[in-house]
Amino acid sequence: MSSATVFALSTAPGRAAIAVFRITGPLAAGALERLTGLAAPAPRRAMRVEIRDPDTSEILDDGLALRFPAPASYTGEELVELHLHGGRATVEAVGLALGRIDGLAPAGPGDFTRRAFLAGKLDLTRVEAVADLIDAETEAQRRQAMRQAGGALAALYDGWREDLIGALARLEAVIDFPDEDLPPETGAALAATVASLARDVARHLADARRGERLRDGVAVAVLGPPNVGKSSLVNALARRDVAIVAAEAGTTRDAIEVHLDLGGYPAILTDTAGLREAAGAVEEEGIRRALARAGDADLRLVMLDARAPEPDGTLAGLIDGGALVVLNKTDLCDRPPPAEVAGAAAIPVSAKTGDGLDALTGRLRAAVEGCAAAGASPAPTRLRHRLALEACLAALERAAAQPEAELRAEDLRAAAAALGRLTGRVGVEDVLDAIFRDFCIGK
Ligand code: GDP
């Protein structure tokens, strides 16, 4: 465990009613004494303090101090919180005073949570959930992060890893002690455990993108011919009752991204706006990019002119189960637009008058929810999870097909290591522990 004592402003910088500094490490309580001239407060009890400059004794602020002695703290180390007035100058003055105390250094990014991990307070999936809670912009994202913070993924992965280590322990016993009288069903039981684990991991992976989509936002590409009203629609949706979280230029020059909160589910609408300007030589490149975006998107919103709603070949190819067909400019229509286009139900709107936008928002919300809604069991929320789970599954499948006991044990170890990477738990000690607990060998 790190022995340095570090401090950081834990609340957002800027003007606020309250600002909280946290100090963690062996010198935390001593630093508090230096700043207040008082003996550190009783554990977990707020104490009113005057915070003074450690060199000049000038009173810098009047606030509250809390002490969480090791190991019963977030970081597992001595931890102190200072609650101050949230003015910029106050925060600056107290930050400088903290920095002048011998042995204290400013914390780096994630230092507090890193220490919590190193102290065994949080596994890696809970560490990630802390970050996700801070970044959660919608209700469903918050719920998913809370579930993960509560250990839902850790419990799942640790449970699998335990089963795997149990199986490995039995296999190692067969390898190391072939003469012992092991139950004859050991081999079959082992194969059944491996097969059932592989099934569980595969099922969990099959649902993998839901958790990631919820965490990242469901990507919705708005596609259609030039001038059909794509930008107008994105602007109209962004300005309506859906809460806009952020509107910013997208990652590519020709796209605008708008973040929407659709009934608690996050969507990132991408308007391939530049296509309109992309005339002549660059037209092809524009179309190529729009198609690439359509391919990457979780959902496609295909927009056509309600007066001429026949999609050309490329657009028609994009209308499938993952597409919403929108017929725009109904205000210019003298007769009702068709109810269906290319076999998909069409949603008539006018981005100009706002007609039909409520219905479209409802359909979009349902589609986004369908892509990202949490299932009964927790889903992986990061690419990192998916990669480790794929590695685990591949190792389990190799183990199932491997006739050589030693090589099979190697595959099972690789599968267990992949699960260990998910939660940050690694080590062979667990295997040894399980061997001696389950088999009482080596009397
Ligand atoms: P994009 O190229 O598909 O992004 O299309 P724009 O959103 O830039 O719209 C092209 C033109 O159509 C603009 O002049 C818009 O004002 C107009 N427009 C967009 N939506 C509607 C609509 O619902 N009704 C009418 N009458 N005009 C619209």
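Within the range 333-443, which helices (runs of 4 or more DSSP H) (wholly inside it) include 1 or more residues that are modelled with pLDDT of 90 or more and at negative phi? Steps first, answer last, please.
Details: elements: 357-372, 383-401, 405-423, 429-439.
Those helices (runs of 4 or more DSSP H) span 357-372, 383-401, 405-423.
What are the residues in the range 51-63 that are outside any strand (DSSP E or B) and touching a helix residue (DSSP H, G or I) at 6+ places or on another chain (Cβ under 7 Å), if any? Spell out how you get there, then give the answer.
Taking the range 51-63 and keeping what is outside any strand (DSSP E or B), we get 53-58.
Of everything in the range 51-63, those that are outside any strand (DSSP E or B) and touching a helix residue (DSSP H, G or I) at 6+ places or on another chain (Cβ under 7 Å) turn out to be D53, P54.
Scan the range 340-352 and tell me whether some residue there is surrounded by 16 or more Cβ atoms within 10 Å (Cβ to Cβ), away from the ligand (no atom under 16 Å from the Cβ) and either acidic (D, E) or within 20 Å of the chain's Cα centre (by Cα) (or both).
Filtering the range 340-352 for residues surrounded by 16 or more Cβ atoms within 10 Å (Cβ to Cβ) gives 341-342, 346-351.
Okay, now just the ones that are also away from the ligand (no atom under 16 Å from the Cβ), so 341-342.
Subsequent filtering for residues that are either acidic (D, E) or within 20 Å of the chain's Cα centre (by Cα) (or both) retains none.
No, the range 340-352 contains no residue that is surrounded by 16 or more Cβ atoms within 10 Å (Cβ to Cβ), away from the ligand (no atom under 16 Å from the Cβ) and either acidic (D, E) or within 20 Å of the chain's Cα centre (by Cα) (or both).
Considering each residue of the range 103-133, count those that are part of a helix (DSSP H, G or I) and not hydroxyl-bearing (S, T, Y), and give that number.
Quick first cut of the range 103-133, residues part of a helix (DSSP H, G or I) only: 111-118, 124-133.
Narrowing the set further to residues that are not hydroxyl-bearing (S, T, Y) leaves 111-112, 114-118, 124, 126-133.
So the answer is 16.
Step by step: first the residues of the range 118-136, then only those that are of a type in the set (D, E) and at pLDDT 90 or above, then the one that is farthest from L156 (Cα to Cα). Which residue is that? Before the answer, list the steps.
Let us first name the residues in the range 118-136 that are of a type in the set (D, E), namely 123, 128, 132, 135.
Going one step further and asking which of them are at pLDDT 90 or above, we end up with 123, 128, 132.
Details: D123: 12, E128: 16, D132: 19 Å.
For the range 118-136, the residue satisfying everything is D132.
Please indicate, with yes or no, whether at least one residue in the range 35-50 is part of a helix (DSSP H, G or I) and surrounded by 13 or more Cβ atoms within 10 Å (Cβ to Cβ).
There is at least one residue in the range 35-50 that is part of a helix (DSSP H, G or I) and surrounded by 13 or more Cβ atoms within 10 Å (Cβ to Cβ).
Scan the range 12-32 for residues that are surrounded by fewer than 17 Cβ atoms within 10 Å (Cβ to Cβ) and of a type outside the set (G, A, S) and report the count.
First, pick out the residues of the range 12-32 that are surrounded by fewer than 17 Cβ atoms within 10 Å (Cβ to Cβ): 12-18, 26.
Then keep just the ones that are of a type outside the set (G, A, S); that gives 13, 15, 18, 26.
Of the residues in the range 12-32, 4 are surrounded by fewer than 17 Cβ atoms within 10 Å (Cβ to Cβ) and of a type outside the set (G, A, S).
Considering the range 76-93 alone, what residues qualify as being of a type in the set (A, V, I, L, M) and buried (at least 18 other Cβ atoms within 10 Å of the Cβ)? Step through it out loud before you land on a result.
Initially, the range 76-93 is screened for residues of a type in the set (A, V, I, L, M), giving 79-80, 82, 84, 89, 91, 93.
Across the range 76-93, the qualifying residues are L79, V80, L82, L84, V91.
Answer yes if at least one residue in the range 214-235 is more than 16 Å from the ligand (Cβ to nearest atom), charged (D, E, K, R) and closer than 30 Å to L357 by Cα, and no otherwise.
Filtering the range 214-235 for residues more than 16 Å from the ligand (Cβ to nearest atom) gives 214-219.
From what's left, charged (D, E, K, R): 215-216.
Within this subset, residues satisfying the condition of being closer than 30 Å to L357 by Cα are 215-216.
Within the range 214-235, one or more residues are more than 16 Å from the ligand (Cβ to nearest atom), charged (D, E, K, R) and closer than 30 Å to L357 by Cα.
Testing A376 on (1) within 16 Å of the ligand (Cβ to nearest atom); (2) free of Cβ contacts under 8 Å to residues at least 40 places away in the same chain, one condition comes back false. Which one is that?
Tallying (1) within 16 Å of the ligand (Cβ to nearest atom); (2) free of Cβ contacts under 8 Å to residues at least 40 places away in the same chain, A376 fails exactly one: (1).
Scanning the range 409-428 for residues that are within 23 Å of the chain's Cα centre (by Cα) and among the β-branched types (V, I, T), which turns out least open to solvent (accessible area, probe 1.4 Å)?
T423
Name the residue that is modelled with the lowest pLDDT, counting only residues in the range 288-308 that are under 30 Å from R335 (Cβ atoms) and surrounded by fewer than 19 Cβ atoms within 10 Å (Cβ to Cβ).
A308
For every residue, the table says whether it meets (1) of a type in the set (A, V, I, L, M); (2) in contact (Cβ under 8 Å) with a residue 40 or more places away in the chain.
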position	(1), (2)
L9	yes, yes
I18	yes, yes
R22	no, yes
L35	yes, yes
P43	no, no
V49	yes, no
P54	no, yes
I59	yes, no
R67	no, no
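Among the residues of the range 1-32, write down those that are closer than 17 Å to A70 by Cα and outside any loop (DSSP other than H, G, I, E, B). Full working, then the answer.
Pass one, the range 1-32, residues closer than 17 Å to A70 by Cα: 1-7, 22-32.
Those that are closer than 17 Å to A70 by Cα and outside any loop (DSSP other than H, G, I, E, B): T5, V6, F7, R22, I23, T24, A28, A29, G30, A31, L32.
Given the options L96, L118, name the one that is without any contact (Cβ under 8 Å) to a residue 12 or more places away in the chain, closer than 22 Å to G25 by Cβ, open to solvent by 20 Å² or more (accessible area, probe 1.4 Å) and not charged (D, E, K, R). Step through it out loud before you land on a result.
Values: L118 fails: without any contact (Cβ under 8 Å) to a residue 12 or more places away in the chain.
After applying the criteria, what remains is L96.
Out of everything in the range 236-268 that is part of a strand (DSSP E or B), within 16 Å of the ligand (Cβ to nearest atom) and crowded, with 20+ Cβ neighbours inside 10 Å, what residue ends up being modelled with the highest pLDDT? Give the steps one after another, and end with the answer.
Of all residues in the range 236-268, those part of a strand (DSSP E or B) come to 243-249, 256-262, 265-268.
Remaining after also requiring within 16 Å of the ligand (Cβ to nearest atom): 247, 249, 256-258.
Keeping just the survivors that are crowded, with 20+ Cβ neighbours inside 10 Å gives 256, 258.
On the way: I256: 70, V258: 84.
Among those that are part of a strand (DSSP E or B), within 16 Å of the ligand (Cβ to nearest atom) and crowded, with 20+ Cβ neighbours inside 10 Å, it is V258.
The values are calculated or read from the model by the stated rules, or taken from the named source; none is laboratory data. Just so it is clear, the model here is predicted, and its values are computed rather than measured. Cβ coordinates were reconstructed from backbone atoms using ideal geometry, including for glycine residues, and neighbour counts include every protein chain displayed. Protein only, heavy atoms only, side chains kept; ligands, DNA and RNA dropped before computing areas. Shrake-Rupley method; radii C 1.70, N 1.55, O 1.52, S 1.80 Å.
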